């Protein structure tokens, strides 16, 4: 005989246990007021509930972050060439 734990959880059970599945993410600037709005937008895009609205590739995410990270936090040296693959799209 199967126990209740053997069945997969229902959507309602998952939403109750993990409210972030149904609630929008808390904007990061509510916790870090000094955070740049542009960085917040990148973070919120990463957390978007619709997978199609998230970054589709790591290179797309890095391309969005690169202009925002300067000085000590720079992703790569100033003169480094950036190669974009022909088979990827960055939005």
- prompt: If you scan the stretch 38-72, which residues turn out to be in a helix (DSSP H, G or I), more than 8 Å from the chain's Cα centre (by Cα), surrounded by 13 or more Cβ atoms within 10 Å (Cβ to Cβ) and touching a residue at least 12 places away in the same chain (Cβ under 8 Å)?
  reply: 39, 40, 59, 60, 61, 62, 63, 64, 65, 66, 68
message: Every residue in the stretch 1-37 that is surrounded by 12 or more Cβ atoms within 10 Å (Cβ to Cβ) and not in a loop (DSSP other than H, G, I, E, B), please.
response: 14, 15, 16, 28, 29
- request: Considering only the stretch 40-50, state which residues are more than 11 Å from residue 61 (Cα to Cα) and either touching a helix residue (DSSP H, G or I) at 6+ places or on another chain (Cβ under 7 Å) or modelled with pLDDT of 90 or more (or both).
  value: 40, 41, 44, 47
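The values are calculated or read from the model by the stated rules, or taken from the named source; none is laboratory data. In this text, all values refer to a predicted model and were calculated from it rather than measured experimentally. Cβ atoms come from the backbone with ideal geometry, glycine included; neighbour counts cover every protein chain shown.
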